[in-house]
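Trainee: I have a structure I would like to understand better, so I am pasting it below and will then ask my questions one at a time.
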Amino acid sequence: MAYSDKPNSASSDPFTPETIMLRLDGVVKQFSNGFMALDDIHLTVEVGEIVSLVGTSGCGKSTLLRIIAGLDVPTLGQVWVNHQPIASPQPEIGMIFQEPRLMPWLTVYENVQFGLAGLSKAEKEHLTYLVLERVGLTAFAQALPRQLSGGMAQRVAIARALITKPSILLLDEPFSALDAFIRMKLQDHLLEIWQYDRPTLVLVTHDIEEALVLSDRVIVLRSNPGRIHQEFVLDLPRPRKRTDLRFQQWKERLLNALDLTADSRSSSSAEDPLPLEVY
Amino acid sequence: MSQSQTSPRSRSTTRHHNRPQPGKAASHPLFSSRWLWIRGLVLPVVCLIGWEGLSHIGFFPPNLFPAPSTVVQTIWSLTLSGELFQHIAITLYRVVVGFVIGSGAATLLGALTGYSRLAHQFLDPLLQSLRNIPSLAWVPLFILWMGIQEPSKLALIAVGVFFPVYLNLMSGVQQVDRKLVEVGKVYRLNSLQLIQRVFLPATLPAYIVGLRSGLGLGWMFVVAAEIMGASQGLGYLLVDGQTTGRPELILASILLFAGLGKLTDAVLATVGHRLLYWQDSYGLQR
């Protein structure tokens, strides 16, 4: 395995293989009121890997994502993205929030360009139409956010994140505000878009099906304090069908891992009429 | 498409901004804008006709409440002598200069106290307590400091304009959606870019409301300033009408104030609607 030895590696991390995009080393987050949101999180994510962080509400998964994005600072520990220590937002990290968070005064076209800096107008236009085409919204370039549906607005947010070509894309429950049908469509759509540049994806979700459709690996977190409870490498072939027997079996395994009752591992939660979300 | 439809409709909306827009009428922009025009004129015209009629049958005593035709005649003769133009010009000048000074200072301070917590802690309590002083209470002090000429009048108007602009802008900046600011941070905007690309447009609706109420107060205080002591201006006409016993002059001045106030507000409102075409609010529904 080759080790990174970049010339300006004074602050970079020489001990991580080059195939590693993200490394979390003993990350602890304690809020000012004493609540331990995250406790001693160790995690590595490979280049181009799709990893889901699942867990019940309050297990710190969103906090973890915000720390990776550089929006929050860990109390202890270190985050490396592409071998650089992270303390603030970086250009190679893309972020998609639960809400589209579009600027209501900008058109779709201008919103997509929001994060672009230092390019000529022609270059910007070229890139904007490229990503708008990928999310299928070229016809809506001049529309205002208020004229878009929830799913379309979230696709604009995806385009805005993609246009800077991030090497890692963080998604914080990106489709949870959408209805189940649109959610499924966008999950498939996200995988199609991912094919172009194949960025590393780290996805926070409480939707088990979403994690199963998208990820190579699922990390289950448990709360109070937020810790990594279990890790699953999904051996499901792609493209994945939600109705496959093995998909359903995986779903049961994950539901069991998430279950907080003491005898969860022995009992089966298959009697449940396929809950989409686990709280 | 949305913008081309917005402009004619918003022009009509400015004259009727207190009334919700019926969805059907807006389907044809030209028709709807004409239609709404007429709607807003119905009540004033009815009142004028009633007033004129009641004056003619002697219901209103002409020496206290002259007919609209008499008032119009007064305005016309003032226009012919060139006097009216001078009165309007000096009053407009005072309002505009006072408005620019007052809203300029309010913009700087409001943006500062809204954006910076430290500035808010130091400045806002003082400004809020000054706000509670009735602005007319400043008059004697201003006259003592700056004399009875223009500076004291402009200062009074500026003080009147300052507070609504300041208050609206400050709370507008404070209420900017934290989530949008975070998007700016994800894309590593510096403070200046953040202000320019997120805070400024997000604050614009509140700011325009502040400017409009500030302008309204500017017109209030120009009357006060001109009643206190002036030899020219629409406010002077009020005093002149009172001392010489000419109610038609007072009414003429009042009507001119109403017309000019509405006109300047309509200008601001139109600019506001043009800038805020993106808003998704009830008043802008088609």
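The values are calculated or read from the model by the stated rules, or taken from the named source; none is laboratory data. Not measured: the values here are computed from a predicted model. Don't worry about glycine lacking a Cβ; one is built from the backbone with ideal geometry, like all the others, and counts go over all protein chains shown.
Trainee: Residue check: is B:S77 away from chain A (no Cβ under 14 Å), out of contact with any Leu (no Cβ under 7 Å at 6 or more places or on another chain) and surrounded by 15 or more Cβ atoms within 10 Å (Cβ to Cβ)?
Mentor: no
Trainee: In segment A:200-247, what residues are touching a residue at least 60 places away in the same chain (Cβ under 8 Å), surrounded by fewer than 23 Cβ atoms within 10 Å (Cβ to Cβ) and in a loop (DSSP other than H, G, I, E, B)?
Mentor: Selection gives A:H206, A:D216, A:S223, A:N224, A:P225.
Trainee: Taking segment A:85-98 as the region of interest, how many residues are facing chain B (nearest Cβ under 9 Å) and assigned to a strand (DSSP E or B)?
Mentor: Result for segment A:85-98: 3.
Trainee: Which residue, of B:V161, B:V165, B:V186, is surrounded by 20 or more Cβ atoms within 10 Å (Cβ to Cβ), over 30 Å from B:P68 (Cβ atoms) and either modelled with pLDDT under 95 or touching a strand residue (DSSP E or B) at 6+ places or on another chain (Cβ under 6 Å) (or both)?
Mentor: One residue alone meets the criteria, B:V186.
Trainee: Name the residue that is nearest to the chain's Cα centre (by Cα), counting only residues in segment A:149-174 that are in a loop (DSSP other than H, G, I, E, B) and within 21 Å of A:E125 (Cα to Cα).
Mentor: Only one residue fits best here, namely A:P166.
Trainee: Another question, if that's okay. Would you pick out the residues in segment A:120-142 that are surrounded by fewer than 19 Cβ atoms within 10 Å (Cβ to Cβ) and part of a loop (DSSP other than H, G, I, E, B)?
Mentor: Of everything in segment A:120-142, those that are surrounded by fewer than 19 Cβ atoms within 10 Å (Cβ to Cβ) and part of a loop (DSSP other than H, G, I, E, B) turn out to be A:S120, A:G136, A:A141, A:Q142.
Trainee: Could you grab me the full set of residues in segment A:165-199 that are among the polar types (S, T, N, Q) and either buried (at least 21 other Cβ atoms within 10 Å of the Cβ) or under 26 Å from A:R253 (Cα atoms) (or both)?
Mentor: Across segment A:165-199, the qualifying residues are A:S176, A:Q187.
Trainee: When both residues are 6+ apart or on different chains and their Cβ atoms are under 8 Å apart, which pairs have a first residue that lies in segment B:262-279 and is within 14 Å of another protein chain (Cβ to nearest Cβ), and a second that is basic (K, R)?
Mentor: Close Cβ pairs satisfying both conditions: B:G272/B:R212; B:H273/B:R11; B:W278/A:R146; B:Q279/A:R146.
Trainee: Here is a list of conditions, (1) touching a Lys or Arg at 6+ places or on another chain (Cβ under 6 Å); (2) of a type outside the set (A, V, I, L, M); (3) surrounded by fewer than 15 Cβ atoms within 10 Å (Cβ to Cβ), and B:Q121 meets all of them except one; can you say which number that is?
Mentor: The one condition B:Q121 does not meet is (1).
Trainee: Quick check: anything in segment A:105-119 within 11 Å of chain B (Cβ to nearest Cβ), out of contact with any Phe, Trp or Tyr (no Cβ under 8 Å at 6 or more places or on another chain), part of a loop (DSSP other than H, G, I, E, B) and more than 26 Å from A:R198 (Cβ to Cβ)?
Mentor: Among the residues of segment A:105-119, at least one is within 11 Å of chain B (Cβ to nearest Cβ), out of contact with any Phe, Trp or Tyr (no Cβ under 8 Å at 6 or more places or on another chain), part of a loop (DSSP other than H, G, I, E, B) and more than 26 Å from A:R198 (Cβ to Cβ), which makes the answer yes.
Trainee: Among the listed residues A:L234, A:L214, which satisfies the condition of being under 13 Å from the mean Cα position of the chain (by Cα), modelled with pLDDT of 90 or more and either closer than 21 Å to A:S62 by Cα or not small (G, A, S) (or both)?
Mentor: Just one listed residue meets the conditions, A:L214.
Trainee: Residues that are out of contact with any helix residue (DSSP H, G or I) (no Cβ under 7 Å at 6 or more places or on another chain) and not in a helix (DSSP H, G or I): does segment B:73-84 have at least one?
Mentor: Yes: segment B:73-84 contains one or more residues that are out of contact with any helix residue (DSSP H, G or I) (no Cβ under 7 Å at 6 or more places or on another chain) and not in a helix (DSSP H, G or I).
Trainee: If you check B:A225, B:A206, which single one turns out to be under 28 Å from B:W138 (Cα atoms), touching a residue at least 40 places away in the same chain (Cβ under 8 Å) and either assigned to a helix (DSSP H, G or I) or within 14 Å of another protein chain (Cβ to nearest Cβ) (or both)?
Mentor: Within the list B:A225, B:A206, the selection yields B:A225.
Trainee: Residue by residue through segment A:14-70, note down the ones that are of a type in the set (A, V, I, L, M, F, W, C) and surrounded by fewer than 18 Cβ atoms within 10 Å (Cβ to Cβ).
Mentor: A:F15, A:V28, A:F31, A:F35, A:M36, A:V47
Trainee: Right, here's the next one. Among the β-branched types (V, I, T), more than 17 Å from B:T203 (Cβ to Cβ) and buried (at least 16 other Cβ atoms within 10 Å of the Cβ): is that true of B:V100 in this structure?
Mentor: no
Trainee: Further question on the same structure: Between a residue in segment B:174-186 that is facing chain A (nearest Cβ under 10 Å) and any residue that is acidic (D, E), which pairs come within a Cβ distance under 8 Å, given they are 6 or more apart or on different chains?
Mentor: Filtered contacts from segment B:174-186: B:K179/A:E99.
Trainee: Then there's this: So the check is Cβ under 8 Å with 6+ separation or different chains; which pairs have a first residue in segment A:27-40 that's without any contact (Cβ under 8 Å) to a residue 40 or more places away in the chain and closer than 16 Å to A:V73 by Cβ and a second one that's among the hydrophobic types (A, V, I, L, M, F, W, C) and surrounded by 15 or more Cβ atoms within 10 Å (Cβ to Cβ)?
Mentor: Pairs that qualify, where the first residue is without any contact (Cβ under 8 Å) to a residue 40 or more places away in the chain and closer than 16 Å to A:V73 by Cβ and the partner is among the hydrophobic types (A, V, I, L, M, F, W, C) and surrounded by 15 or more Cβ atoms within 10 Å (Cβ to Cβ), are A:F31/A:A37.
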